[in-house]
1. Filter the range 41-58 for residues that are outside any helix (DSSP H, G or I) and out of contact with any Asp or Glu (no Cβ under 7 Å at 6 or more places or on another chain); which is most open to solvent (accessible area, probe 1.4 Å)?
2. Does S368 qualify as being in contact with a helix residue (DSSP H, G or I) (Cβ under 8 Å, 6 or more places away or on another chain) and in contact (Cβ under 8 Å) with a residue 24 or more places away in the chain?
3. Given L87, L103, which one is surrounded by 12 or more Cβ atoms within 10 Å (Cβ to Cβ) and modelled with pLDDT under 85?
4. Between a first residue in the range 262-276 that is more than 11 Å from V228 (Cβ to Cβ) and a second residue that is open to solvent by 60 Å² or more (accessible area, probe 1.4 Å) and among the hydroxyl-bearing types (S, T, Y), which pairs have beta carbons less than 8 Å apart while being 6 or more apart in sequence or on different chains?
5. I'm checking my understanding of the structure. Among residues of the range 170-182 that are over 12 Å from I205 (Cβ atoms) and modelled with pLDDT of 80 or more, which one is most open to solvent (accessible area, probe 1.4 Å)?
6. Quick one: L250 ticks every box in (1) touching a Ser or Thr at 6+ places or on another chain (Cβ under 6 Å); (2) modelled with pLDDT of 95 or more; (3) not acidic (D, E) except a single one, so which number is it?
7. Looking only at the range 21-42, count how many residues are under 30 Å from N95 (Cβ atoms) and either aromatic (F, W, Y) or modelled with pLDDT of 95 or more (or both).
8. Looking at the range 109-126, can you tell me whether even one residue there is in contact with a Gly (Cβ under 8 Å, 6 or more places away or on another chain) and modelled with pLDDT under 85?
Amino acid sequence: MNLIEELRWRGMLHDFMPGTEELLASEMTSGYIGFDPTASSLHIGNLATIMLLVHLQRAGHKPMALVGGATGMIGDPSGKSAERNLLDEATLRANQEGVRKQLEKFLDFDCGANSAEIVNNYDWFKEFSFLGFLREVGKHISVNYMMAKDSVKKRISADEDGDRAEGLSYTEFAYQLIQGYDFYHLYKTKGVKLQMGASDQWGNITTGTELIRRMDGGKAYALVGKLVTKSDGTKFGKSEGGNIWLDATLTSPYKFYQFWLNLSDEETEKLIKVFTLLPKDEIEKLTEEHKQAPHLRVLQKALAKDVTIRVHSEEDYLGAVDASEILFGKGDLETLKGLKEDILLSVFEGVPQIEVSQATYVATATVSDLLSDATSGQIFESKGEAKRMIKNGGVSVNREKVQSADEPVNFELLQGKYLVVQKGKKNYYLVIVN
């Protein structure tokens, strides 16, 4: 199966220029995608375009990732309703390094002729003067051509409708010309003939192919994937808490795993083709198995497992599975003890957290004292209430049922400082012994 066929059956292909399929069939082609380092991490929306590069390499071609150290200082108007805040050079450099490390997880940089490569457009723009750029590049593309791009027209029409007051700045207007020059530079210096991206990048990419034609008389090509959206049409990659990042310090492996696990059946059937490398027959088998017993969430689990392992690690995946078991009542003390502190805190992030001093904890005589007096009534308002629920079997500490209200307080502290208290079936509390 060639690259076009692979992307088509996976539902990832949106459009490509005439001649692209013939190019890919006739020679090993170098193709690139640009990533602006506007944050220290990429998110799962970016992962959809990274997968285009992954498939390009798997098809025997050479993938190139461009980290936009220069363009990141400006901001692309495509798909934006407002101008991006400009970042200083130090922040951008730190972000570039974070993006570089993440890209290295997905692409093979040591496999011979089609090894992946990372470039930074700051390297060729840093010495380019404004006047030099106008003389050498700007004269080749007309304002009329640039105005005809959808990304520009949508922003200008929004201004005319009164939706925005500040208008489209020249900085953002010129973005497509700068991105176009990236393509020209890579075409001239590295023989890159293909640029890829999400469908909202079509205008910027084709400006590059036009610039190559006008400046060099050369022929270059464009291929864009479908913009991944949720079932309601909104942008994919965000939860109620914001972006789902690829950096474990910004989105914990547990939350990352849970995001995929909680997708709807409709979304999962589509996204397992986009975000995994599972072959067609295996995906079809999983889909059929899922339809036989949707409540088991076979498809979601397969997607969550594959992506979590590739973005983080198998250890992080197993920790996320164990953490999920805790909240569904299947984990035991050993499961809790096996959780790393960051995952433990991530699991219980939304539950009430109660701090108890080390002195108070040591001095507390019984469980009912700990759960009432010592916590100022934050779990039970009185010792009597605590005793009644314990007697009825409704209280657990570290997933072990409390048998008697008069049990001594000698629980093993998780990570040396935590207790997980469960009151009834669904009420959790995290006691922190400082």
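1. Taking the range 41-58 first, the residues outside any helix (DSSP H, G or I) are 41-43.
If we keep only those that are out of contact with any Asp or Glu (no Cβ under 7 Å at 6 or more places or on another chain) as well, we get 42-43.
Values: L42: 6, H43: 36 Å².
Top of the filtered list is H43.
2. Numbers: in contact with a helix residue (DSSP H, G or I) (Cβ under 8 Å, 6 or more places away or on another chain): yes; in contact (Cβ under 8 Å) with a residue 24 or more places away in the chain: yes.
Yes: the conditions hold for S368.
3. Values: L103 fails: modelled with pLDDT under 85.
The match here is L87.
4. Partner pairs satisfying both residue conditions: S264/S231; E266/S231.
5. Kept after step one, since they are over 12 Å from I205 (Cβ atoms), are these residues of the range 170-182: 170-175, 177-178, 181.
Still in the list and also modelled with pLDDT of 80 or more: 170, 173-175, 177-178, 181.
Numbers: Y170: 135, F173: 32, A174: 14, Y175: 11, L177: 12, I178: 27, Y181: 28 Å².
Selected residue: Y170.
6. Among (1) touching a Ser or Thr at 6+ places or on another chain (Cβ under 6 Å); (2) modelled with pLDDT of 95 or more; (3) not acidic (D, E), the lone unmet condition for L250 is (2).
7. Applying the first criterion (under 30 Å from N95 (Cβ atoms)) to the range 21-42 yields 29-42.
After this cut, where a residue has to be either aromatic (F, W, Y) or modelled with pLDDT of 95 or more (or both) as well, the list is 29-33, 35.
Qualifying residue count, the range 21-42: 6.
8. no
The values are calculated or read from the model by the stated rules, or taken from the named source; none is laboratory data. These figures come from a predicted structure and were not determined experimentally. Please note: Cβ atoms are built from the backbone with ideal geometry, for glycine as well, and neighbour counts cover all protein chains shown. For accessibility, only protein heavy atoms count, side chains too; no ligands or nucleic acids. Shrake-Rupley method; radii C 1.70, N 1.55, O 1.52, S 1.80 Å.
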